[in-house]
Amino acid sequence: MTRTFNWKIVFRTYGSLLLIEALFMAAPTVVAYLYGDPDGGAFAVSTFITLIAGWIAMRIGRDAPRRVGEREGYLIVALVWIVFSVFGLLPFYLSGALNTVTDSWFETMAGFSTMGATVIENVEVMSHAILLWRALMQWLGGMGIIVLSVAVLPLFGLGGMQLYAAEVTGVSYEKLSPRINSTARLLWGTYVLLTVLETLLLNFFGMDMFDSVCHSMATISTGGFSTKNTSLMLCSPAIQYTVAVFMLLSGINFTQLIFFMRGKPEKLYHDEETRWYVGAVLICTAILTIALLVYYTWINQAEWLPRLVGNNVIRGYATHVEWAFRNAFFTICATITSTGFASADYMLWPKIIWVFVFLTMFTGGASGSTAGGIKWVRIAIFAKNAYAEMYRRIHPNAVIPIRFNGRPLTQTVTNNVMAFLFFYVVIIILATFVFIACGISPSEAFATAVSGMGNVGESLGQYGPAGNYANFPVVAKWVMTLVMLIGRLEIFTVILLFSPALWRK
């Protein structure tokens, strides 16, 4: 028997979510008046419009059944980013911070998808309200608007299991509590705790409180929007180390972090994906550190030798080793976790080095984290399956089960990973062709497509750490926002919407 699609629950859910967005939008409105920013009126109007839209949607769905079905869940998750961005762009456009709908849409989608790519050429002239809204968009998008809604929607009389299942689309997920809304609250509690902790540390190390709040939101969400044109390049080593460590933490499965804080560190230590992820960060950091030291101490000594004089030679070399390690660790954490912050412009390094950095953008963090990318659980399963296939060529009769975290994986899981990687590559290729057709160089087009799918933000060339997307072609901007959305939703949520079988179910 075919169940009728429950449109009322969709409207009611969107209404609830728009009320949440209006609540967060009110914060920059208050900040605008506190700092005397001229954008207070634009934010007040945007907040009012969002509230009215949310109220109307709630009224349309007022008699909706409480159950959210699988089809409704996927539709809500897939379109909520578009709905949020439609209203989220209003402050940018109404305030005049961005002059076109295209740029306002791009900036907003880059925020909610946590890609962090910006079309603003000089962010330091933006008002406090605009800068805070950019940070809040990423912070909401980082953990996932849907996971937030799962914690809050019961207040509106709505259930959230299907929303959570649709949002957490990795290979697997683990509930921390029998009740799904309790799980979501635990995740968000940890999210808030990490944000507050990083804010306090950044402020302690000399960053002013407003910038500390904005950078902490952008870090924990692995978004990358900064309040400075140079990102974190001019910040002190203490601040750069702090941000790098929190980027690393944000790339770990939040479920594992909660178990760790609950006094069960063995779950984190024994989690195979965490070992792959942290191991990759450490190995890539070591490789990049050595590469920087080799280049600047042996090949291009001109930049370092003037400081290695007199009695300070040993101290000078120690300083440069620390510089190389710090920038390597920061850069690797920024690219692997898809945060996109910068402590240095890697485009000024030798090509072989920035190509290495670019390749790390494919990976991503752990599943269940705020990071984008392929995720290490998929990379691990893909590598194990490749090894097993090679071994079977040598021993055709051998039975070689693929295990992860000590448990054998079903063929369905392996097929899921292979299909995901296939679609991931296909979308990158298609986006690359579109960008080339728009007049972007092939290398920059490919790098930008990879960056968009991984929600990294920074790319290569003029779209690298020191650049922005202000001059990105208009058509390419709209295509890039679609790529951001697909990357944020991890492909299958979008593809399932076009599956006739889902709608016949």
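Some notes on this structure:
- Summarising the label geometry, the points placed 7 Å from Cα in the beta-carbon direction at S443 and R59 lie 5.8 nm from one another.
- Assigned charges on the beta-carbon of Lys, Arg, Asp, Glu; the range 177-419 dipole about Cα centre (debye): 740 debye
- For the range 177-419, the number of Lys pairs with C-alpha atoms closer than 30 Å, counting only pairs eight or more positions apart or on separate chains, is 8.
- Here the translational diffusion coefficient of the range 1-84 follows from Stokes-Einstein with Rh set to the Kirkwood radius across Cα pairs; for 25 °C and 0.890 mPa s it amounts to 176 µm²/s.
- Alpha carbon centroid spacing (whole Å) that separates the range 409-429 from the range 232-272: 28 Å
- As an equivalent ellipsoid, the range 177-419 spans semi-axes of 35, 26, 14 angstrom, where each value is the square root of five times an eigenvalue of the C-alpha gyration tensor, largest first.
- The chain - charge dipole about Cα centre, Lys and Arg +1 at Cβ, Asp and Glu -1, debye rounded to 20: 1820 debye
- Options H395, L293, A371, ranked by Cα towards positive dipole end of the range 177-419, top entry (Cβ charges): H395
- Straightening the chain between S236 and L200 buys 11.4 nm, computed as 0.36 nm per residue apart minus the Cα-Cα spacing.
- Here, the chain has an Rg and a Dmax of 23.0, 86 Å when only alpha carbons are counted.
Quick note: the coordinates plus some simple rules give every number you see, no bench work behind them. Not measured: the values here are computed from a predicted model. Cβ coordinates were reconstructed from backbone atoms using ideal geometry, including for glycine residues, and neighbour counts include every protein chain displayed.
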